[in-house]
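Read the structure below first, then the notes.
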Amino acid sequence: MHMSDQREIAAPVSEVWAALLSADTLLACVPGAKEVMGNAEDGFDATVVQKVGPVKATFKGHVSLSDLVEHQSLTLSGEGKGGAAGFAKGGADVKLSETEGGTLLEYEVDAKVGGKLAQLGSRLIDGFAKKMADQFFANLQETLEGPAEPEDDDTEADAPEEKKGWVKRLTGG
């Protein structure tokens, strides 16, 4: 499975770079992560709990970083074993570039699964992998930018909400 996407993050390249190399940030950003330990030089050991379709598994794995070009690009490679559920392995090429609003983060992901997970079908697995990658980078963006501000909508805030059941709506009462 192969996919690519990009995100505009309202933070300087140096902050995005540091976040990608931090175990604490990875713990906060990887969906289902229960533990992430290690460092950029030696790699990270992680425990992640995920449910893919009917299969729920705890994956223990290792992620290593390579091809580091400071503040520009890196490659993440990892493999996780989920016991009877099977395994997942893959990598992501990440590129950072400065923009007026902060940092453009581009990524290309390749992933493979085996075991019971592979039996679920490629459409389910591909959708799950895309969701996981999107969620990771959305979490990274929120970690760096802070939570999104709710939009102001004065009409709802000021007006008391009037609820009517379907019978009253029909009868006008």
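Amide H to amide H distances under 5 Å link V30 with no residue, where only residues 5 or more positions off or on other chains count and H is placed in the peptide plane. Per-residue Karplus couplings for the range 51-61, computed as 6.51 cos²θ - 1.76 cosθ + 1.60 with θ equal to phi - 60°, are listed in order as 10, 10, x, x, 9, 10, 8, 9, 9, 10, x Hz, Gly and Pro entered as x. Coupling constants for the range 34-47 follow from the phi torsions by the Karplus curve (6.51 cos²θ - 1.76 cosθ + 1.60, θ = phi - 60°), and in residue order they are 9, 7, 9, 10, x, 8, 5, 5, 9, x, 10, 9, 9, 10 Hz; glycine and proline get x. With R₀ set to 35 Å, the beta-carbon distance separating E70 from A138 gives a calculated FRET efficiency near 0.90.
Normalised by 2.2 N^0.38 Å, with N the number of residues, the alpha-carbon radius of gyration of the range 1-131 equals 1.08. Applying a DSSP loop filter and a limit of 16 other Cβ atoms within 10 Å to the GluC sites (Glu not before Pro) in the range 60-113 leaves E70, E100.
Between amide H atoms placed 1.01 Å from N, distances below 5 Å from S73 occur with L96, all of them 5 or more places distant or on a separate chain. Count Lys and Arg as plus one, Asp and Glu as minus one, and take only other residues whose Cβ is under 12 Å from that of E8; the net charge is then -4.
Every read-out reported here was derived from the displayed coordinates using simple, explicitly stated rules and does not represent laboratory data. All of these numbers come straight from a predicted model, not from anything done at the bench. Cβ atoms come from the backbone with ideal geometry, glycine included; neighbour counts cover every protein chain shown.
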